[in-house]
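Q: Here it is: the structure, laid out below.
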Amino acid sequence: MDPRGKIAVVTGAAGGIGGALVRALVTAGADKVVATDIRVEGLPSDDRVVARPLDVADKDATRQLVDSIESELGPVDLWFANAGVANGGGADAPDATWDLQWRVNVLAHAYAAQALLPGWTARGEGHLITTASMAGILTSLGDGVYAATKHAAVGFAEWLAITYADQGIKVSCICPGAVDTPMLRGTAGGDADRAAAAIGGSEVLSADEAAARVVQAVTEDRFLILTHPEMQTFIERKAADPQRWIKGMSRLWGRAQELLKD
């Protein structure tokens, strides 16, 4: 869907890819962009950007925000379910960590769909863009909770895209690679390049460059949006020989642990 003249919503917009998506949508000609985060502080706001608080893990709050936007600004055309949390740990992570990541990384997408789909199917158009991760297709070394929830996010986006295609609904799933955000830096003591090496390399993109690629892909109605096109090769290698891929990733995990110790 071309953002020009449209009303778009971006969750997790206080920084990182979310904040960059707000800027990219304004540049692409969106009529209004509603920037949301759990707190309104730090959100952009001007004549084309409206700042609103939203806890994406709250189903009722999501529905109320959709209703208020549609009564005040008009129907939502594009919804970027971008908010996410990471650093969950492994099998021994506490239940509270699993619950938070499940609600933010997966259920928030379902809550958005529940609130938006009735209006979109009635109008015969709408575009839901969810942010998963390459962790949702490959894995996330050292963070099993994140890997599991992001795999679920990819699976839900695929199901939505298949189920609602004949009703005019577009669905895209963003799987970012190494993008220079606080989340990425948090995996390696603030060093984006070291973090990128630990998750498999590739160029570290600025958030604005990644967002520009995303908005272009959304305009082209692409389902799977890779901020790093070279990651397609890794996807194909995994699919072609899962056993070899697991062995290779195990070796990479060993090297990553050594790298992150330095």
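The values are calculated or read from the model by the stated rules, or taken from the named source; none is laboratory data. Since the model is a prediction, treat every value here as computed from it, not as a measurement. Quick reminder, even Gly has a Cβ in these numbers, built from the backbone with ideal geometry, and neighbours come from all protein chains shown.
Q: Which count do you get for residues in the range 151-178 that are touching a residue at least 60 places away in the same chain (Cβ under 8 Å) and under 15 Å from VAL85 (Cβ atoms)?
A: Within the range 151-178, residues that are touching a residue at least 60 places away in the same chain (Cβ under 8 Å) and under 15 Å from VAL85 (Cβ atoms) number 1.
Q: For the range 156-171, give me the residue count where each residue is of a type outside the set (Ser, Thr, Tyr) and exposed (fewer than 14 other Cβ atoms within 10 Å of the Cβ).
A: Here is the first cut: in the range 156-171, the ones of a type outside the set (Ser, Thr, Tyr) are 156-162, 165-171.
Restricting the remaining residues to those that are exposed (fewer than 14 other Cβ atoms within 10 Å of the Cβ) gives 159, 162, 165-166, 168.
Of the residues in that region, 5 qualify.
Q: Run down TRP98, TRP102, TRP120 and say which single residue is hydrophobic (A, V, I, L, M, F, W, C), under 21 Å from ASP31 (Cα atoms) and in contact (Cβ under 8 Å) with a residue 12 or more places away in the chain. Lay out the reasoning, then the answer.
A: Working: TRP98 fails: under 21 Å from ASP31 (Cα atoms); TRP102 fails: under 21 Å from ASP31 (Cα atoms).
TRP120 is the lone residue from the list that is hydrophobic (A, V, I, L, M, F, W, C), under 21 Å from ASP31 (Cα atoms) and in contact (Cβ under 8 Å) with a residue 12 or more places away in the chain.
Q: Only strands (runs of 3 or more DSSP E) wholly contained in the range 1-112 count here; list those with 1 or more residues that are more than 19 Å from VAL154 (Cβ to Cβ), in contact with an Asp or Glu (Cβ under 6 Å, 6 or more places away or on another chain) and at pLDDT 95 or above.
A: So the answer is 7-10.
Q: Going by what's in this entry, would ALA13 be described as hydrophobic (A, V, I, L, M, F, W, C), buried (at least 22 other Cβ atoms within 10 Å of the Cβ) and touching a strand residue (DSSP E or B) at 6+ places or on another chain (Cβ under 6 Å)?
A: So ALA13 fits the description; yes.
Q: Quick check on my filter: what residues within the range 108-155 are of a type in the set (A, V, I, L, M) and within 18 Å of THR97 (Cα to Cα)?
A: Within the range 108-155, ALA108, ALA132, ALA135, LEU141, VAL145, ALA147, ALA148, ALA152, ALA153 meet the criteria.
Okay, residues lined up against (1) at pLDDT 80 or above; (2) over 21 Å from ASN105 (Cβ atoms); (3) in contact with a Pro (Cβ under 7 Å, 6 or more places away or on another chain); (4) of a type in the set (A, V, I, L, M):
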| position | (1), (2), (3), (4) |
| --- | --- |
| VAL171 | yes, no, no, yes |
| CYS175 | yes, no, no, no |
| GLY190 | no, yes, no, no |
| GLY201 | no, yes, no, no |
| ASP208 | yes, yes, no, no |
| PRO242 | yes, yes, no, no |
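Q: Further question on the same structure: How many residues does the range 14-45 hold that are more than 18 Å from THR227 (Cα to Cα) and of a type in the set (A, V, I, L, M, F, W, C)?
A: Qualifying residue count, the range 14-45: 9.
Q: I need a count of the residues in the range 201-247 that are basic (Lys, Arg), closer than 22 Å to ASP2 by Cβ and in contact (Cβ under 8 Å) with a residue 24 or more places away in the chain. Please lay out each step first, then the result.
A: Taking the range 201-247 first, the residues basic (Lys, Arg) are 213, 222, 237-238, 244, 247.
When the remaining residues are screened for being closer than 22 Å to ASP2 by Cβ, the result is 213, 222.
When the remaining residues are screened for being in contact (Cβ under 8 Å) with a residue 24 or more places away in the chain, the result is 222.
Going through the range 201-247 one residue at a time, the tally reaches 1.
Q: Could you list, in sequence order, the residues of the range 230-246 that are surrounded by 11 or more Cβ atoms within 10 Å (Cβ to Cβ) and out of contact with any Lys or Arg (no Cβ under 7 Å at 6 or more places or on another chain)?
A: Answer for the range 230-246, where residues must be surrounded by 11 or more Cβ atoms within 10 Å (Cβ to Cβ) and out of contact with any Lys or Arg (no Cβ under 7 Å at 6 or more places or on another chain): GLU230, MET231, GLN232, PHE234, ILE235, ARG237, LYS238, ASP241, ARG244, ILE246.
Q: Filter the range 41-97 down to residues that are within 25 Å of HIS151 (Cβ to Cβ) and basic (Lys, Arg), then give me how many there are.
A: First, pick out the residues of the range 41-97 that are within 25 Å of HIS151 (Cβ to Cβ): 54-59, 62, 78-97.
So of that shortlist, the ones also basic (Lys, Arg) come out as 59.
Total meeting the criteria: 1.
Q: Across the range 31-53, what is the total count of residues that are in contact with a strand residue (DSSP E or B) (Cβ under 8 Å, 6 or more places away or on another chain) and surrounded by fewer than 24 Cβ atoms within 10 Å (Cβ to Cβ)?
A: The qualifying residues number 14.
Q: Count, please, the residues in the range 131-171 that happen to be assigned to a loop (DSSP other than H, G, I, E, B) and among the hydrophobic types (A, V, I, L, M, F, W, C).
A: Qualifying residue count, the range 131-171: 4.
Q: Counting only residues that are surrounded by 14 or more Cβ atoms within 10 Å (Cβ to Cβ) and small (Gly, Ala, Ser), which one in the range 54-87 is nearest to LEU107 (Cα to Cα)?
A: Ranking the qualifying residues of the range 54-87, first place goes to ALA57.
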